[in-house]
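Report on one structure; see the data block that follows.
FYI, it's all coordinate maths here, none of it is from the lab. None of these values were measured; they are calculated from a predicted model. In this analysis, Cβ positions are derived from the backbone assuming ideal geometry, glycine residues included, and neighbour counts consider all displayed protein chains.
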Amino acid sequence: MQVESMRFGLQRRSGIGLMELLITIGILSALTAMVLPSFAPILDRLRVMTTVAHFHEAMSLARAEAIRRRIRVDLVPMRDKDWSSGWQVLIDADNNQLANVGDIVLHTGPTPPTGLRVEARLRDPKPYLAFDPSGRPRSASSSALPQIGSLVFTIGSEQRKIIISFLGRVRSCDPVRGGSTC
């Protein structure tokens, strides 16, 4: 009998205990707290690149619709003449660079990320892009005057620039890392 009870008392338990689990969670939490701030610039860069891709898509749609429909198509800010609030592609019947009753909204961009700043450096100071039936960017006041220039998208310390050429071609670059070519 005595031998049998000793055998039961010496059995090993498998798994981890509560104390080991709590220590492991504490160590992982401390490591995560130290590493997380270094991911912020990477996340900001991805947010800026994604936002620029969505804006580029809206510009391509506006240009393609202008060619397809043989009418001027505009890309305008959602509200307050501020690109960081979002944008819409529309057929602007009253030529006021705003989505009003009677205008045909073709596309609404996704909600931009928090903290986005957009600085427009366009020939016409009004915040809009218009494409004529040939696919070229045009001023709302004159079909002979192109609406060319650039827009700089910024989140935190990350930036991306979209440049619109005379022919309506668009390219993007990083003004911080791109140097004089941007």
Original post:
For the range 80-182, what percent of Cα pairs sit more than 18 Å apart?
Top reply: 53 percent
Original post:
Anyone know which of 15, 156, 168 comes out most mobile in the 10 Å Cα GNM of the chain?
Top reply: 15
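Size of the dipole of the chain about the Cα centre, Lys and Arg at +1 and Asp and Glu at -1 on the beta carbon, nothing else charged, in debye to 20?
Working: 23 positive and 16 negative charges, 103 e Å.
Taking the Cα centre of the chain as origin, the dipole is about 500 debye.
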**OP:** Find the relative contact order for the chain and round it to a whole percent, using C-alpha pairs within less than 8 Å whose residues are 6+ positions apart.
**Re:** 18 percent
Original post:
When the chain is modelled as a GNM with alpha-carbon springs shorter than 10 Å, which of 108, 32, 154 fluctuates the most?
Top reply: 32
**OP:** Rounded to the nearest 500, what is the 222 nm mean residue ellipticity of the chain from helices alone, with -39500 (n - 2.57) per DSSP H run of 4+ residues and division by all residues?
**Re:** -12000 deg cm²/dmol
Original post:
Using just the C-alpha positions of the chain as equal point scatterers, what log10 of I(q)/I(0) does the Debye formula give at each q in 0.12, 0.15, 0.20 1/Å?
Top reply: -0.63, -0.86, -1.32
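What FRET efficiency would be calculated for the residue pair residue 181, residue 31, taking the C-beta separation as r and a Förster radius of 45 Å, to the nearest 0.05? Don't skip to the answer; put the middle values down first.
On the way: r = 40 Å, r/R0 = 0.88.
Once the sixth-power term is evaluated, E becomes 0.70.
Which whole-number percent of Cα pairs in the range 32-125 have a distance greater than 21 Å?
Details: 1748 of 4371 pairs.
Distances greater than 21 Å cover 40 percent of the Cα pairs.
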Original post:
If you build a Gaussian network model of the chain, linking Cα atoms that sit under 10 Å apart, which residue out of 19, 49, 34 swings the most?
Top reply: 19
